[in-house]
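Chemist: There's a structure below that I have some questions on.
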Amino acid sequence: MSDGATTSRTAGGAGARESFRRGLSPRAERVAYSLVEALLADEDEAGALVPAPAATCERAVVWLTRAAGSSSVNVRGGFGLLTFVVQVLPLFVIGAPSRMTKLSLADRVRFLSALETSRIGLFSMLFLAFKVPLAIAAFEEGDELRSTGYDRPTTASRRQLVWLSEPGLATHEEAGAAEGAQA
């Protein structure tokens with residue numbers, strides 16, 4: 001795909017179609033999706049691994065694609081190279097003779113753990129090159145944002161100011177309503 005080409009995708013499963021410059025190739029997007037799916041995997045009540053929700057994975061990959069698309073050709077090419085390296089590293093890191101996207105969820109989690117704790121600093125940096133941007137995008141909204149204890153529905157929502165009232169605390173709107181009632 002050429003540099004000036006745009007593509008249409010649905011952002012985060014929300015159904016909104018937007019056009020943007022593709023920063024990652026479809027192959028690189030599949031790698032990023034597999035990475036975030038394993039990175040945010042959880043365990044169910046029985047202790048079995050459960051992949052991250054598809055909407056969360058899609059939102060993170062779309063964000064990374066947009067971010068890479070608005071950056072330089074060198075950054076886009078760098079991410080393309082990094083996704084290729086991540087694809088072939090399982091053979092050398094965990095001894096699995098398969099591409100990373102073909103590994104089971106448990107093997108991908110084991111692979112990411114091995115990258116993160118590797119004594120080879122470049123492997124840890126490779127892990128961070130994907131972990132940071134994918135995690136930022138994944139935790140910016142939805143259930144993931146609420147799980148962090150953030151007090152607003154989205155990171156773009158306005159904060160509700162808290163004013164000190166006589167018996168306790170009240171929000172700015174409650175304090176304004178109380179002042180209006182007293183006048």
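Chemist: Please turn the phi angles of region 55-71 into ³J(HN,Hα) values with the Karplus equation 6.51 cos²θ - 1.76 cosθ + 1.60 (θ = phi - 60°), one per residue in order, whole Hz, x for glycine and proline.
Modeler: Each residue's phi maps through the Karplus curve to give 5, 5, 4, 5, 4, 5, 5, 4, 4, 5, 5, 5, 4, 5, x, 8, 9 Hz.
Chemist: Using the Karplus curve 6.51 cos²θ - 1.76 cosθ + 1.60 with θ = phi - 60°, work out ³J(HN,Hα) for each residue of region 31-42 in order, rounded to whole Hz, and write x for Gly and Pro.
Modeler: Each residue of region 31-42 in turn: 5, 4, 4, 5, 5, 5, 4, 7, 4, 9, 4, 9 Hz.
Chemist: Give, to the nearest whole percent, the P(r) tail of region 82-131 beyond 16 angstrom, counting all Cα pairs.
Modeler: Here the tail beyond 16 Å accounts for 27 percent of pairs.
Chemist: Which FRET efficiency value, to the nearest 0.05, is calculated for residue 107 and residue 43 with the Förster distance at 25 angstrom and r the Cβ-Cβ distance?
Modeler: 0.95
Chemist: Also: Write down the accessible area per residue of region 17-92 in Å², having rolled a 1.4 Å probe over the full set of protein chains.
Modeler: 49 Å²
Chemist: Here's something else I'd like to know. Pop out the ³J(HN,Hα) list for region 80-90 in order, Karplus 6.51 cos²θ - 1.76 cosθ + 1.60 with θ = phi - 60°, rounded to Hz; leave Gly and Pro as x.
Modeler: With the stated coefficients, region 80-90 comes to x, 5, 4, 5, 5, 4, 4, 4, 9, 5, x Hz.
Chemist: Same structure, new question: Along Cα→Cβ, 7 Å out, is where each label goes; now give me the distance between the ones at residue 50 and residue 136 in nm to one decimal.
Modeler: Distance between the two pseudo-spin positions: 2.9 nm.
Chemist: How do 104, 124 stack up against each other in accessible area, from largest to smallest, with a 1.4 angstrom probe?
Modeler: Putting 104, 124 in descending order of accessible area: 104, 124.
The values are calculated or read from the model by the stated rules, or taken from the named source; none is laboratory data. Not measured: the values here are computed from a predicted model. Neighbour counts run over all protein chains shown; Cβ positions are idealised from the backbone, glycine included. The protein model used for the area step is the full one, side chains on, heavy atoms only, and it has no ligands, DNA or RNA in it. Shrake-Rupley method; radii C 1.70, N 1.55, O 1.52, S 1.80 Å.
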